[in-house]
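Okay, structure first, notes after.
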Amino acid sequence: MINRKKIVAMLLAGGQGSRLAPLTNSTAKPVVPFGGRYRIIDFPLSNCVNSGIDTVGVLTQYQPLELNDYLGIGTPWDMDLRFGGLHVLPPYQAATGSDWFKGTANAIYQNIKFIKQYDPEYVLILSGDHIYKMDYAIMLDEHIKNQADCTLAVIDVPLEEASRFGIMNTDDKGRVLEFEEKPKHPKSTQASMGVYIFSTAALIHYLEEDEADPTSQNDFGKNIIPNMLRDGKRMYTHLFKGYWRDVGTLTSYWASNMDSLGDMPELWLNDPDWKIYYRHSFNHPQYVGEHADITHSVCGEGNEIDGKIDHSVVFNNIVLEEGAEIKDSVIISGCKIKKGAKVEYAILDSGVVIDEGAVVGGPKESGQLAVIGRNVHIGAGAVVKPGESVTEDREGV
Amino acid sequence: MNMNALGFIFADSVDGALNELTEKRTLGAVPFGARYRVIDFLISNMVNAGIRNIGIATTGKYDSLMHHVRSGAPWDLDRKRSRLTFLPPYASFNGGGTYENRLEALQYHLQYLKNFSEEYVLISGCNYVANIDFEKVLEFHKESGARITALYRNSKIHRQQELTVMEYKIGEDGRILDHRNAEILDEVRPLSINAYLMKLDDLIEITERSMREGKHSFRRDLLFPMIESGEKVMGYEVPGAVLYMDDLATYLKNSLDLLNKDVRASLFHVDGFPILTNVKDSAPARYGDKAKVVNSLIADGTIIEGEVRNSIIFRGVRIGKDSVVENSVIMQESTIGDGVRLNYAVLDKNVIVQDCRMLSGYITHPFYMGVNEVI
């Protein structure tokens with residue numbers, strides 16, 4: 001079929017991600033750097049290409065400049081195609097008015113025309129805030145086998161955490177009986193991953209119905225899925241057993257980054273059969289100097305490292321001078337950490353400069369993550385305490 | 001930034017250098033600097049100067065080069081208005097087969113040269129790695145009013161092989177007065193890097209004439225007679241690091257020179273002059289609990305669990321636990337097992353060194369393992 005697609009993915013990338021502040025102060029959450037060289041959105045996009053899905057609409061809204069730049073026409077993911085490919089879909093003005101995306105369902109509703117261009121049998125709904133490697137083709141096979149109207153990917157979570165998620169209660173064949181958003185007393189441990197496959201006709205029907213309801217919050221979890229359940233539609237779960245993390249908070253973002261470390265990392269990024277594709281920044285290979293000591297870490301390119309790094313995720317173009325130390329931290333691109341400075345249990349956004357002898361954060365045991373915002377300058381000898389979030393330059397002492 | 005010149009690259013070594021490394025690939029495709037191929041530097045230099053059309057002449061063993069350079073996309077050379085063209089040999093009714101000299105290559109690809117309206121042409125071999133501002137070379141060329149500007153480096157030759165490195169005699173005004181084969185070891189001399197700038201029309205005309213006269217050699221039949229007859233042939237000294245590939249020992253030495261901060265600065269840290277290459281979408285380098293890395297260049301996609309000193313580690317290399325790699329170059333996708341010792345080794349692409357092997361060469365005589373070999 002060269003004039004239609006079997007499946008089209010719609011990736012919700014417009015959320016503000018305020019719990020990731022200050023990392024999301026000036027940029028959208030899907031484009032927040034991750035894992036030494038990626039952006040969060042590389043994971044769902046790479047999952048798409050690796051699953052054989054080559055047509056993706058990316059719905060943008062909040063602070064889209066960097067995201068749009070990053071996506072371009074989808075070249076890094078081989079999605080610059082004659083028919084299909086990656087398309088950025090911002091809110092727009094129409095003859096009958098203009099609107100921001102009011103909710104996740106409304107965002108898709110406003111782009112039904114985009115979906116119809118490809119006349120797909122199925123629509124995959126994704127979000128740009130999870131780190132995972134998943135073959136959507138397996139889920140689609142199940143969806144087809146079940147003759148489902150909607151299939152929801154779920155992951156088994158510990159019972160004590162279940163009340164943080166949307167929980168699916170199913171029969172023994174995986175058919176959804178009940179959906180509870182953040183239940184106080186969860187009846188199951190199957191948490192929705194925010195990954196849905198809809199049969200196109202059902203999706204469009206319920207989006208249109210939802211749009212006509214002025215009291216609706218236009219949200220998949222709150223409206224579309226409950227409405228479909230109400231009508232007895234065929235809704236199934238697809239149990240995913242691989243690595244999946246919601247990186248919605250600074251601590252979960254930090255922890256997921258750390259999962260890529262070690263000799264047998266939970267988040268395996270070196271898999272030649274499931275590459276995570278990304279936009280390259282063309283730096284020279286990292287130089288590791290005479291006084292360097294790097295253990296239990298990943299480290300990007302263009303770096304000049306002469307200090308000590310332990311249990312950390314270090315991005316590109318980092319200068320780490322002799323005697324400087326990084327431990328249990330995420331250091332995003334372009335940071336400079338000068339002689340004798342110490343960074344421990346912290347996240348440094350891009351372009352941060354830490355002058356001689358400054359101390360950022362403290363032992364991980366404190367449980368308090370220190371965060372330094374983009375391009376912030378911490379003066380010589382200054383101290384940033386554990387748990388502090390610094391977005392303005394700090395004078396040296 | 002739009003240099004009105006055509007780029008013409010000779011991807012083969014005319015001088016037969018780097019025997020081991022070019023057994024299965026052409027010189028331009030020799031891996032260098034942990035993530036590059038030698039030709040990346042030259043193509044990047046040309047593109048950084050705004051050269052929009054580049055032809056790459058190559059006679060054989062070019063699959064590795066074609067696989068690497070592909071359509072030229074990493075340099076934005078796969079466009080309507082800028083293009084990279086592979087110029088392999090081809091058979092035709094009036095002969096065919098291949099050629100051995102640069103002038104013959106130009107004769108062979110005369111039709112390609114005639115396609116372009118660029119005023120100048122920059123022709124260069126692939127024997128060196130440098131970050132050259134070709135716009136400055138063009139400025140120099142125009143100001144001097146030279147017919148040909150020949151680029152050179154002030155350097156020593158380290159080892160006299162059968163190959164011929166050309167040495168110039170440069171006058172006070174920068175003019176090339178004489179030439180000879182370099183003979184003196186370990187003394188800094190102006191040595192040719194086989195890169196020349198001239199008018200495209202002039203090159204086409206000279207090439208056509210050389211065909212009529214049955215001449216084949218760029219240097220012997222074209223350059224030297226010009227120098228001798230008093231034509232204005234200027235020498236342009238390439239500033240900064242120029243790493244010239246003579247043989248395997250200089251390859252290792254040049255590679256280890258990248259550990260020198262000034263050399264790295266001169267090649268990689270020139271603002272607005274990036275060195276681009278084909279991308280692999282590798283994961284970042286991963287260091288194990290007992291990793292120890294000192295004074296080394298580490299590419300992406302590597303997994304390091306052992307010790308690395310004074311070495312160049314390419315993309316996708318794995319170094320096992322309790323292994324010690326020193327003064328060595330390990331090319332892409334090679335696997336070093338546990339408890340291995342390597343010193344002064346050049347390991348080509350995709351080799352496997354099994355556990356507990358001890359392999360050593362010397363700086364002047366590196367230990368070499370060929371593509372896909374297993375020890």
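The values are calculated or read from the model by the stated rules, or taken from the named source; none is laboratory data. Just so you know, these numbers come straight off a predicted model, no measurement behind them. Methodologically, a virtual Cβ is constructed for each residue, glycine included, from the backbone with ideal geometry; neighbour enumeration extends over all protein chains shown. The area values use the complete protein model at the heavy-atom level, side chains included, leaving out ligands, DNA and RNA. Shrake-Rupley method; radii C 1.70, N 1.55, O 1.52, S 1.80 Å.
Along its three principal directions, the equivalent ellipsoid of the stretch A:263-330 from the Cα gyration tensor extends over semi-axes of 22, 16, 9 Å, largest first. The chymotrypsin sites (Phe, Trp or Tyr not before Pro) of the stretch A:13-83 that DSSP puts in a loop, and whose beta carbon has at most 15 other beta carbons within 10 Å, are A:83. Between residue A:263 and residue A:395, the modelled labels are 5.1 nm apart [label points 7 Å from Cα along Cα→Cβ]. Full extension of the segment from residue B:135 to residue B:119, taken as 0.36 nm per residue of separation minus the current Cα-Cα distance, would add 4.4 nm.
Among beta bridges identified by DSSP and lying wholly in the stretch A:1-159, the antiparallel ones come to about 20 percent. For the chain pair A and B, buried accessible area totals roughly 3000 Å², probe 1.4 Å, rounded to the nearest 100. Maximal additional length on extending the residue A:356-residue A:102 stretch stands at 86.7 nm, based on 0.36 nm per residue less the C-alpha distance. When the Cα gyration tensor is reduced to axis lengths a ≥ b ≥ c, the ratio a/c is 1.5 or higher for the stretch B:1-132, and with a/b not above b/c it is classed as oblate. Counts of other chain beta carbons within 10 angstrom of each beta carbon in peptide A:277-283 average 4. With both partners inside the protein assembly as shown, how many of the DSSP beta bridges are antiparallel, as a percent to the nearest 5? Of those bridges, close to 35 percent are antiparallel. Each label point was placed 7 Å from the Cα along the Cα-to-Cβ direction; for residue B:143 and residue A:171 their separation is 8.6 nm. The stretch A:1-40 and the stretch B:172-213 have Cα centres separated by 55 Å.
Normalised by residue count, the stretch A:84-167 yields a Cα convex hull volume of 158 Å³ per residue. Entry comment: accessible area of the stretch B:105-176 is 41 Å² per residue, from protein heavy atoms only and a probe of 1.4 Å.
List residues of the stretch A:31-65, by number, whose backbone nitrogen lies under 16 Å from a label position 7 Å along Cα→C-beta of residue A:18. Hits in the stretch A:31-65 for residue A:18 at 16 Å: A:62-63. Suppose R0 equals 51 Å; then what is the FRET efficiency for residue B:185 and residue B:63 from their Cβ-Cβ distance, rounded to the nearest 0.05? It comes to 0.90. To the nearest 10 degrees, how steeply does helix B:200-212 sit against the main Cα axis of chain B, on a 0 to 90 scale? With both axes taken from Cα atoms, the answer is about 80 degrees. The loop-placed GluC sites (Glu not before Pro) in the stretch B:281-375, going by DSSP, that have at most 15 neighbouring Cβ atoms within 10 Å of their Cβ come out as B:373.
What is the antiparallel percent of DSSP beta bridges lying wholly in chain A, to the nearest 5? If you can, show how the numbers build up before the last one.
On the way: 24 of 81 bridges.
Approximately 30 percent, going by the DSSP bridge assignments.
Relative contact order of the stretch A:190-345, taken over Cα pairs closer than 8 Å and 6 or more residues apart, is 12 percent. Classify chain B from the C-alpha gyration tensor, please: rounded if a/c falls under 1.5, else prolate or oblate depending on whether a/b exceeds b/c. It comes out prolate by the Cα gyration axes. In this label model, residue A:137 and residue B:261 are separated by 5.1 nm, measuring between points 7 Å along each Cα→Cβ vector.
If R0 is 51 Å, the Cβ-Cβ spacing of residue A:66 and residue B:229 corresponds to a FRET efficiency of close to 0.25.
Taking a point 7 Å from the Cα of residue B:372 along the Cα-to-Cβ direction, the residues of the stretch B:15-44 with backbone N closer than 17 Å to it are B:21-26.
Inter-chain neighbour count for A:295-306: the average number of beta-carbon atoms from partner chains within 10 Å of each residue's beta-carbon is 5.
Suppose only helical runs count, i.e. DSSP H with n ≥ 4. What mean residue ellipticity at 222 nm does that imply for chain B under -39500 (n - 2.57) per run, divided by all residues and rounded to the nearest 500 deg cm²/dmol?
Helix-only estimate at 222 nm: -5500 deg cm²/dmol.
Overall, the ratio between the Cα radius of gyration of the stretch A:91-219 and 2.2 N^0.38 Å, rounded to two decimals, is 1.15. Split chain B at each of the chymotrypsin sites (Phe, Trp or Tyr not before Pro) in a DSSP loop with at most 10 other beta carbon atoms within 10 Å, and the longest piece is B:94-375. Which FRET efficiency, nearest 0.05, do residue A:4 and residue A:234 yield, Cβ-Cβ r, R0 35 Å? The pair residue A:4/residue A:234 has a calculated efficiency of 0.90. Hydrodynamic analysis of the stretch A:241-363 uses the Kirkwood radius over alpha carbon pairs. Inserted into Stokes-Einstein at 20 °C and 1.002 mPa s, it gives a translational diffusion coefficient of 144 µm²/s. Treating the protein assembly as shown as a set of equal point scatterers at the Cα positions, no solvent, please give the Debye-formula log₁₀ I(q)/I(0) at q = 0.11 Å⁻¹. Once normalised to I(0) and log-transformed, intensities are -1.21.
With a 10 Å cut-off around each Cβ of B:294-306, the average count of Cβ atoms from other chains is 5.
In a DSSP loop and with at most 15 other Cβ atoms within 10 Å, the trypsin sites (Lys or Arg not before Pro) in the stretch A:149-204 are A:173, A:184, A:187. For chain A, what does the alpha-carbon gyration tensor say about shape, rounded, prolate or oblate, given a ≥ b ≥ c as the root eigenvalues, a/c under 1.5 as rounded, and a/b over b/c as prolate? Prolate is the answer for chain A, as a/c is 1.5 or above and a/b outweighs b/c. The residues of the stretch A:279-362 expose, per residue, 26 Å² of accessible area to a 1.4 Å probe. Each stretch of four or more DSSP H residues adds -39500 (n - 2.57); spread over every residue of chain A, this sum gives -4500 deg cm²/dmol at 222 nm.
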